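Report on the structure given below.
Every read-out reported here was derived from the displayed coordinates using simple, explicitly stated rules and does not represent laboratory data. Since we're looking at a predicted model, the values are computed, not measured. Positions of Cβ are generated from backbone atoms using ideal geometry, with glycine treated the same way; all protein chains shown enter the neighbour counts.
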């Protein structure tokens, strides 16, 4: 059976409609265009799936100071008082595309559904800003926000490249004296630095919406020279120490070259004595958080993400 026929069986009509609508705005050859063109097409594609911000969610843009400059952030909240729970959201986009607008409706809906405050980070993008720029920005904002909301429960959440950044921040915080406690991290189809010569990278090398070739192009844009190995700030799976990480839940998409990254990451945390849960969403593809209003499966996954964030905030010291 050909791979195309296999995907016809694995993916239902609603998800195919999402794939087709995505490709209308963001065609397969987009990665060959200029960076400016890629970003324009990506944001237009994201906007085509966006919903109106829920009534009652207040949004404020701000800047967070860091040693390397000012980092734009967008804060979502339902009350003016300091939050008891803060979700710090790191967006996807291959470290090359995406910004505060591309994931605005996702963050607004997370705030509305949970009642928690959300801070989204507009980290620096490649290729203008090579690694570790994005990581440094996300770490700086996490540290700054922890001071601003001292005493609040902090959760990290991100999709794709943003999932990588969440995990990288969690790993790095362990070496920082008096670092804030992270009560949980929720990673959506994250790119964590798995072996591209085996498993889902090969099985789903030509999956809809994200191919192995596209992953390699994003990697080449991210680094100044060869991809580093053994650097957990770039690839959390390359770490040799998975102890003392926050409770972790990873939602991977079945039809995605990155599927195995989440499973391997959770296994590494569990082997080190930590709490981790790997969930593989059957019949879903990379980027499906945008399909939450047109796909039943994607909507169910998004609801599970919301429930997971709530559970982590309410029982931070208990088993997942």
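Here the scattering of the stretch 179-315 is modelled by Debye summation over its C-alpha atoms, one equal scatterer each and no solvent; at q = 0.13, 0.22 Å⁻¹ the log10 of I(q)/I(0) is -0.59, -1.39.
Note on residue 220 and residue 293: their simple-model spin labels are 3.6 nm apart, each label 7 Å out from Cα toward Cβ. Diffusion coefficient of the stretch 237-277 by Stokes-Einstein, Kirkwood radius over Cα pairs, 25 °C, 0.890 mPa s: 234 µm²/s. Across the chain, Cα pairs under 8 Å and at least six residues apart give a relative contact order of 17 percent. Spacing of the modelled spin labels on residue 29 and residue 197, each 7 Å from Cα toward Cβ, amounts to 3.2 nm. In this rough spin-label picture, where each label sits 7 Å from Cα along the Cβ direction, the residue 8-residue 300 distance is 2.4 nm.
Compute the length gained on full extension between residue 65 and residue 52: take 0.36 nm times their separation in residues and subtract their Cα-Cα distance, giving the result in nm to one decimal.
Value of the extension gain: 1.7 nm.
Considering only 274, 225, 151, the Gaussian network model of the chain with Cα springs below 10 Å gives its largest mean-square fluctuation to 225. Placing a label point 7 Å from the Cα of residue 16 along the Cα-to-Cβ line, the residues of the stretch 235-260 whose backbone N sits under 19 Å from it are 254-256.
Normalising the average separation of contacting C-alpha pairs (under 8 angstrom, six or more residues apart) by the number of residues puts the relative contact order of the stretch 60-156 at 36 percent.
Could you calculate the contour length gain from residue 267 to residue 205, that is, 0.36 nm times the residue separation minus the distance between their Cα atoms, to one decimal place in nm? Full extension from residue 267 to residue 205 adds 20.0 nm.
Each eigenvalue of the Cα gyration tensor of the chain, multiplied by 5 and square-rooted, gives one semi-axis; in descending order these are 27, 22, 20 Å.
A full extension of the chain between residue 78 and residue 175 corresponds to an added length of 31.6 nm, given 0.36 nm per residue minus the alpha carbon distance. Can you compute log10 of I(q)/I(0) for the stretch 80-230 with the Debye formula, treating each Cα as one identical point scatterer, at q = 0.12, 0.17 Å⁻¹? At q = 0.12, 0.17 Å⁻¹ the computed log10 ratios are -0.52, -0.99.
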